[in-house]
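Inspection log for the structure reproduced underneath, given as structure tokens.
The values are calculated or read from the model by the stated rules, or taken from the named source; none is laboratory data. Quick caveat, the model's predicted, so the values are computed rather than measured. Cβ: placed from backbone, ideal geometry, glycine included. Neighbour counts: every protein chain shown. Ligands, DNA and RNA are stripped out before the accessible areas are found, and what is left, the full protein with its side chains, is counted by its heavy atoms. Shrake-Rupley method; radii C 1.70, N 1.55, O 1.52, S 1.80 Å.
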Amino acid sequence: MSIHPIDVPFNKRHLCWFCEEPSNQTFEYLRLPHTPHPSLAIRACNECKQLAKANMLTSIWDCRAAVKDQLIIKYQKHLAIGHNWTEQELKESEFSCKVFEGFKNSAWMMYNIAKDRVNAKGWQISIDEQPISDEHDYSALQAFRFDDIEFSSITQAISHYSTTLGVSSEFVTQLVSVLGKQHFAKALTLARLNIGVTIGRQRQIIQDVIHEQDALS
């Protein structure tokens with residue numbers, strides 16, 4: 001299977017495609033039959049790379065949405081600083097002890113770093129100067145509809161139904177990655193039929209689904 005390095009703008013050559021933090025690593029997205037683009041090699045920081053590997057889903061855009069969702073969850077305390085304070089309020093605050101003084105000095109910086117990572121747009125994916133999609137609106141590529149409900153991304157749908165049905169979001173994510181978004185209902189059914197099974201049993205089910213998919217292809 002050929003893995004295609006994506007084109008990188010000169011001013012982005014040392015940045016993560018997901019969050020635009022400095023990066024010296026590569027994330028490889030390996031396509032499945034339902035993936036609407038070839039296998040890709042993308043610059044990624046270590047944190048985003050690990051998040052992306054755990055949320056491959058059905059396309060690089062769905063993967064990107066999942067990484068962003070996970071960054072928001074992981075850094076929600078840092079992001080909340082911007083809701084609770086302004087930069088000027090922090091500067092003028094009268095924290096006295098060393099702990100609070102440290103917070104005062106670093107809080108706005110942490111907020112800005114987290115905010116910039118979540119808001120980072122990356123760049124349009126192209127291979128040998130040929131875009132892999134004519135779409136410029138990533139939100140349209142990520143949007144997902146199920147049971148007449150519009151979700152901004154497949155990860156939002158997974159989160160919603162995992163909570164509603166009491167199933168493992170990680171298990172549903174893996175099932176959707178293998179089956180594709182068009183078989184979202186089947187992924188939910190399999191997850192509901194196997195509530196409470198061990199991680200090992202989940203892995204076996206995933207392998208069985210992969211073999212089933214290979215036999216059908």
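The calculated FRET efficiency for residue 106 paired with residue 46, based on their beta-carbon distance and R0 = 22 Å, is about 0.55. Taking amide H as placed 1.01 Å from N in the peptide plane, the amide H of residue 26 sits under 5 Å from that of 44, each at least 5 places away or on another chain.
Report in % the part of the accessible area of the chain that belongs to carbon and sulfur, leaving out ligands and nucleic acids; probe 1.4 Å. Please report the intermediate quantities before stating the final value.
Values: 6530 of 12530 Å².
Within the chain, the accessible surface is 52 percent carbon and sulfur.
Greater than 18 Å separation of Cα atoms is the criterion. Which listed pairs, 74/115; 53/77; 121/181, meet it? Walk me through the numbers on the way to the answer.
Numbers: 74/115 12 Å; 53/77 24 Å; 121/181 24 Å.
Listed pairs above 18 Å: 53/77; 121/181.
Would you please classify the overall shape of the chain from the alpha carbon gyration tensor, given that a ≥ b ≥ c denote the square roots of the eigenvalues, rounded means a/c under 1.5, and beyond that prolate means a/b larger than b/c while oblate covers the rest? Oblate, since a/c reaches 1.5 and b/c is not below a/b.
Rounded to the nearest 10 degrees, the inclination of helix 60-74 to the longest alpha-carbon principal axis of the chain is 40 degrees.
Using only alpha-carbon positions in the range 144-213, the gyration tensor eigenvalues give semi-axes of 20, 14, 9 Å once each is multiplied by 5 and square-rooted (largest first). Modelled spin-label separation between residue 53 and residue 73, with each label point placed 7 Å from Cα along the Cα-to-Cβ direction: 1.8 nm.
Here the extension length gained between residue 169 and residue 143 equals 7.5 nm, from 0.36 nm per residue of separation less the Cα-Cα distance.
Can you give the accessible area per residue of the range 113-217, in Å², using a 1.4 Å probe? Kindly include the intermediate steps, with their values, before the conclusion.
Details: 6160 Å² over 105 residues.
I get 59 Å² per residue for this part.
Less than 5 angstrom separates the built amide H of residue 146 from those of 151, all sequence-distant by 5 or more or on a different chain. As a calculated quantity, the FRET efficiency between residue 215 and residue 24 at R0 = 41 Å, using C-beta atoms, amounts to about 0.50. For the chain, the longest principal axis of the Cα atoms and the long axis of helix 199-216 meet at an angle of about 50 degrees.
Exposed loop sites here are trypsin sites (Lys or Arg not before Pro) assigned a DSSP state other than H, G, I, E or B and surrounded by at most 10 other beta carbons within 10 Å; excluding them, the longest clear run of the chain is 14-120. For a quick check, take a GNM of the chain with Cα springs below 10 Å and name the residue from 130, 88, 202 with the largest mean-square fluctuation. With Cα springs under 10 Å in the chain, the top fluctuation among 130, 88, 202 is at 88. Taken per residue, the accessible surface of the range 1-80 reaches 49 Å², heavy atoms only and a 1.4 Å probe. Modelled this way, with points 7 Å down the Cα-to-C-beta line, the labels at residue 88 and residue 2 are 5.8 nm from one another.
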